[in-house]
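The values are calculated or read from the model by the stated rules, or taken from the named source; none is laboratory data. Given the structure is predicted, the values throughout are model-derived calculations rather than measurements. A quick note on method: Cβ atoms are made from the backbone with ideal geometry, for glycine too, and the neighbour counts reach across all protein chains shown. SASA here: full protein model, heavy atoms, side chains in, ligands and nucleic acids out. Shrake-Rupley method; radii C 1.70, N 1.55, O 1.52, S 1.80 Å.
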Amino acid sequence: MASRSSDKDGGSVHTASDVPLAPRTNSPDRRCSSSDTSKSTYSLTRRISSLESRRPSSPLIDIKPIEFGVFSAKKEPVQPSVLRRTYTPDDYFRKFEPHLYSLDSNSDDVDFLTDEEILSKYQLGMLHFSTQYDLLHNHLTVRVIEARDLPPPMAQDGARQDMAHSNPYVKVCLLPDQKNSKQTGVKRKTQRPVFEERYTFEIPFLEAQRRTLLLTVLDFDKFSRHCVIGKVSVPLCEVDLVKGGHWWKALIPSSQNEVELGELLLSLNYLPSAGRLNVDVIRAKQLLQTDVSQGSDPFVKIQLVHGLKLVKTKKTSFLRGTIDPFYNESFSFKVPQEELENASLVFTVFGHNMKSSNDFIGRIVIGQYSSGPSESNHWRRMLNTHRTAVEQWHSLRSRAECDRVSPASLEVT
């Protein structure tokens with residue numbers, strides 16, 4: 001009774017702020033009435049709600065339970081064991097591909113072969129030449145001296161008459177510029193030609209060191225295709241240009257099977273008011289040589305084709321003994337403006353021959369039936385710039401190539 005009255009006297013009414021967050025456990029004999037328990041629970045709930053409302057929201061994070069402990073023997077390991085194969089020395093060396101390291105591979109890389117090995121491998125002969133740079137006049141001199149042990153002619157077709165001897169000559173250029181090349185004379189029926197010819201290239205010294213000297217030996221045949229015998233290439237950065245020197249180098253095969261026929265510089269101009277198509281044949285360079293002793297006597301034939309009908313033919317004069325002719329000759333054709341889109345101009349370069357028919361050198365077609373992208377571009381530029389002359393260089397093509405792509409080429413001779 002004393003303790004109960006003591007509870008009554010010492011008891012007090014608790015507010016929400018006075019309620020402790022956890023029940024006290026230091027008086028296990030203390031008992032609370034059901035009403036007091038309800039009030040305490042209600043107050044605690046309100047307090048927790050107010051705290052939750054003041055706390056900023058945070059994203060929910062799904063945390064999976066982490067298992068700690070040692071894996072049992074029944075569980076499989078995370079990383080499966082790798083079965084390692086034991087290699088024998090024979091298996092190891094079987095991975096190598098011997099043909100990649102053989103000197104008989106088809107690779108053009110002959111940097112690690114000596115001239116004797118190259119000569120034995122390809123059997124194309126050797127070329128003797130020299131170089132010298134003149135610092136005073138800023139030009140490079142290349143001297144083509146001689147060749148020896150050239151192979152017999154290769155039969156390209158049945159038109160070859162002499163299969164025992166070659167008619168060699170040499171083309172000289174500084175890569176990457178192959179347009180400004182030089183060419184020696186043709187030496188008749190010999191496998192040991194002596195050229196003794198010098199060529200000068202106007203080029204700054206620093207630029208010369210960035211170039212590669214390319215000498216290509218070719219075999220001339222009037223009644224067949226000229227064929228490439230072999231080539232020699234020398235990076236000029238690897239030689240002392242000022243001191244100069246001369247070398248014997250073995251010829252290697254060339255990927256260039258087709259011999260270039262030369263280039264032609266033309267100018268086109270159309271006058272709509274007069275209905276005139278004006279053509280200027282300015283010059284040609286590095287034309288295919290058609291005569292062994294004199295080079296060529298080239299001239300240009302210009303033929304106007306309307307649709308598939310030959311309308312008019314004109315030609316330049318021929319220049320004796322040259323493969324780099326300068327013409328500067330002008331021609332005019334009457335072409336009404338409504339017929340211009342159906343017109344084609346066929347340019348054919350011949351070597352003049354007094355004893356027989358003229359020797360075909362090369363051809364291009366410009367106009368409706370152009371023989372290539374370069375020719376089509378020249379024609380479009382002329383159509384877009386009336387009354388203004390438009391110049392452009394063109395690489396000559398073979399007759400067969402022009403006949404295959406241009407119907408206008410089939411209508412001319």
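Just checking, which of 256, 286 is surrounded by 19 or more Cβ atoms within 10 Å (Cβ to Cβ), modelled with pLDDT under 95 and not basic (Lys, Arg)? Give the derivation first.
Numbers: 256 fails: surrounded by 19 or more Cβ atoms within 10 Å (Cβ to Cβ).
After ruling out the rest, the residue left standing is 286.
Given the conditions (1) within 30 Å of residue 221 (Cα to Cα); (2) buried (at least 17 other Cβ atoms within 10 Å of the Cβ), which single one is not true for residue 405? Tallying (1) within 30 Å of residue 221 (Cα to Cα); (2) buried (at least 17 other Cβ atoms within 10 Å of the Cβ), residue 405 fails exactly one: (2).
What residue, of 318, 331, is open to solvent by 60 Å² or more (accessible area, probe 1.4 Å) and either touching a strand residue (DSSP E or B) at 6+ places or on another chain (Cβ under 6 Å) or among the charged types (D, E, K, R) (or both)? Lay out the reasoning, then the answer.
Values: 331 fails: open to solvent by 60 Å² or more (accessible area, probe 1.4 Å).
One residue alone meets the criteria, 318.
Could you tell me whether residue 218 is open to solvent by less than 30 Å² (accessible area, probe 1.4 Å) and modelled with pLDDT of 95 or more?
Values: open to solvent by less than 30 Å² (accessible area, probe 1.4 Å): yes; modelled with pLDDT of 95 or more: no.
Taking the combined requirement at face value, the residue does not satisfy it.
Take the conditions (1) touching a residue at least 24 places away in the same chain (Cβ under 8 Å); (2) open to solvent by 10 Å² or more (accessible area, probe 1.4 Å); residue 380 misses just one of them, which is (1). Residue 208 meets the conditions (1) exposed (fewer than 15 other Cβ atoms within 10 Å of the Cβ); (2) not in a strand (DSSP E or B) in every case but one. The failed one is (1).
When restricted to residues that are buried (at least 18 other Cβ atoms within 10 Å of the Cβ) and within 20 Å of residue 341 (Cα to Cα), the stretch 391-402 contains 1.
Listed here are the strands (runs of 3 or more DSSP E) enclosed by the stretch 237-342 that have at least 1 residues being more than 33 Å from the chain's Cα centre (by Cα) and without any contact (Cβ under 8 Å) to a residue 40 or more places away in the chain: 298-306, 309-315. Evaluated against (1) exposed (fewer than 15 other Cβ atoms within 10 Å of the Cβ); (2) at pLDDT 95 or above, residue 213 falls short on exactly one condition, (1).
Entry remark, the stretch 343-376: residues being open to solvent by less than 60 Å² (accessible area, probe 1.4 Å), in contact with a helix residue (DSSP H, G or I) (Cβ under 9 Å, 6 or more places away or on another chain) and part of a loop (DSSP other than H, G, I, E, B) number 3 in total. Confirm whether residue 191 is assigned by the TED database to the domain that holds residue 140, modelled with pLDDT of 90 or more, surrounded by 13 or more Cβ atoms within 10 Å (Cβ to Cβ) and more than 24 Å from residue 118 (Cβ to Cβ). No.
Taking (1) open to solvent by 50 Å² or more (accessible area, probe 1.4 Å); (2) at positive phi in turn, residue 313 satisfies each apart from (2).
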